[in-house]
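Data first, discussion second: the structure below is written as structure tokens.
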Amino acid sequence: MKRSWFMTGIFVLAAAIGFSSCSQDADSKPNFIFKPAPKNGIVAKIGGVEVTEKEMLQGIESQVYDAEVKLHELKMGRIRSLVLKSLMEGDSRKKGLSNDEFLDKYIANDIKISNKDIDAFIAERKIPKENVNDQIKEKVRQFLEMEKKKEAIENWIGEKTKKSPVEVYIAEPSRPVFDVDTGSAPFAGGADAKVTVVEFSDFQCPFCAKGADIMNELKKKYGSKIKIAFKNYPLPFHTHAKDAAHAGLCANEQKSELFWKMHDLMFADQTKLSREDLKASAKKVGVNAEEFDKCMASNKFMSAIEADMEQGKDLGVQSTPTFFVNGQLINGAHPVETFSEIIDRELAK
């Protein structure tokens, strides 16, 4: 059964603004009574109808998980600071030194940020040359220094707790898990692999290009141990995204390898996604040009693209790229390590 996305959005928005009203009449506001649940898994009762936790979370799983992650990171940040303080206080060299002095003298004493580091950061972030001045460079230096200090602190705590680990009694957030049907989606890797990574992506999305690079790294690392399936989720404000998605499927119709070659080429230069550019790219990767042109003109795979988008909406996909690793949600182009952690755990089962 499809979700009522309109109603979900209405009530999420209402919750965000607190059901506010200009009326002074208390009777015009919803009457909520907060009390212990009559049994596990029940979050509310409307008349005689019970609302389950599953129903409450349906359609907002990813937002709830993101919020739980932020809360967990906030708590862990506080725990780290308390651990750092305790370890410094227990160090014999601390006597007479403030925490900042001890940090600079014994933990982060060899941090140096060179002009080369600053230039590399500016190049990586693609900061326009006309915007680069001494003030910007100083801010970059301070940022890099702060990141290096964080790294030094992590390493120092790591060494100090190697033989005496810190016990933490707060649970890590659990990723939401979905049943994701790959259908006839183009895929790479083992057809019957133990782990399936499903990617919802948009060929005109810059973050998706980064996501494609991450998927390529996973292909090299795991080979046939995993299956990577590609689902199209062209965003409406990307004017060439649907045509690019269709071009990929037209190439896939001829041969799976041609899809992935087309996939890599489109992500490598996202400025060349017009119909004429797509034809040129297809020819470059080795498709049969006549068959490809007929396929593009017919729009025969547009319904398949729409089906991918509907599936994505039903799964709660709200941005690209979104991944599901054996159904476990990863929202965005996270580092390879994030994927590997889940993949390795699933392979070990």
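The values are calculated or read from the model by the stated rules, or taken from the named source; none is laboratory data. From a predicted model like this one, the values you see are computed outputs, not experimental measurements. Ideal geometry is used to build each Cβ from the backbone, glycine not excepted, and the neighbour counts take in all protein chains shown. Accessible surface areas use protein heavy atoms only, side chains included; no ligands, DNA or RNA. Shrake-Rupley method; radii C 1.70, N 1.55, O 1.52, S 1.80 Å.
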Can you run phi through the Karplus equation (6.51, -1.76, 1.60; θ = phi - 60°) for region 270-280 and list ³J(HN,Hα) in whole Hz, with x for Gly and Pro?
7, 8, 10, 10, 5, 4, 5, 5, 5, 4, 5
Estimated D of region 155-266 in µm² per second, where Rh is the Kirkwood radius over Cα pairs and Stokes-Einstein applies at 4 °C, 1.567 mPa s:
79
How much accessible area does PHE143 have with a 1.4 Å probe, in Å² rounded to the nearest 10?
90
If every alpha-carbon in region 25-72 counts as one equal scatterer, what log10 I(q)/I(0) does Debye give at q = 0.20, 0.29, 0.31 1/Å?
-0.87, -1.03, -1.07
Tell me the label-point distance for the pair ALA37, PHE237, using the 7 Å Cα-to-Cβ offset, in nm and rounded to one decimal.
3.7
Phi-derived 3J(HN,Hα) across region 199-207 with the Karplus relation (6.51, -1.76, 1.60, θ = phi - 60°), rounded Hz, x for Gly and Pro, is 10, 9, 9, 9, 5, 9, 8, x, 5
So what J values fall out for region 78-91 if you push phi through Karplus, 6.51 cos²θ - 1.76 cosθ + 1.60 with θ = phi - 60°, rounded to Hz, Gly and Pro as x?
5, 4, 4, 5, 5, 5, 4, 4, 5, 5, 5, 5, x, 8
Distance (nanometres) between label positions extended 7 Å along Cα→Cβ at ALA307 and ILE111
5.4
Straight-line reach from LYS116: which lysines have Cα under 22 Å away, leaving out those fewer than 8 places along the same chain?
LYS126, LYS129, LYS137, LYS139, LYS148, LYS149, LYS150
Go ahead and collect, in residue order, the members of region 212-230 whose backbone nitrogen is under 13 Å from a label point 7 Å along the Cα-Cβ direction of VAL69.
none
I need to check one value: relative contact order of the chain, counting alpha carbon pairs closer than 8 Å and at least 6 residues apart, in percent.
18
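Quick check: net charge around LEU235, other residues with Cβ under 15 Å of its Cβ, Lys/Arg +1 and Asp/Glu -1? The partial results should precede the final answer.
Numbers: positive: LYS231, LYS242, LYS313; negative: GLU199, ASP202, ASP243, GLU306, ASP308, GLU310.
Every neighbour counted, the sum reads -3.
Can you say what percent of the DSSP beta bridges in the chain, counting only those with both residues inside, are antiparallel? Round to 5.
On the way: 16 of 23 bridges.
Here the antiparallel bridges make up roughly 70 percent for the chain.
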Cross-link candidates for LYS349: which lysines have Cα within less than 22 Å, leaving aside residues fewer than 8 places away along the same chain?
LYS194, LYS219, LYS220, LYS221, LYS225, LYS227
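What is the ratio of the Cα radius of gyration of the chain to 2.2 N^0.38 Å, with N the residue count, to two decimals?
Values: Rg = 25.7 Å, N = 349, 2.2 N^0.38 = 20.4 Å.
Taking the Cα Rg and dividing by 2.2 N^0.38 Å, one obtains 1.26.
Tell me, what is a quarter of the convex hull surface for the C-alpha atoms of region 213-264, in nm² with one decimal? Mind showing how you got there, number by number?
Numbers: hull surface 15.8 nm².
Seen from a random direction, the Cα hull of region 213-264 projects 4.0 nm² on average.
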Search the structure for amide H atoms under 5 Å from the amide H of ILE226, placed 1.01 Å from N in the peptide plane, and list their residues when 5 or more places away or on another chain.
GLY190
Please compute P(r) over all alpha-carbon pairs of region 61-100, binned at 10 Å starting from zero, and give each bin as a whole-number percent.
27, 31, 20, 15, 7, 0
Averaging over all projection directions, find the projected area of the Cα convex hull of region 225-349 and quote it in nm² with one decimal place.
8.3
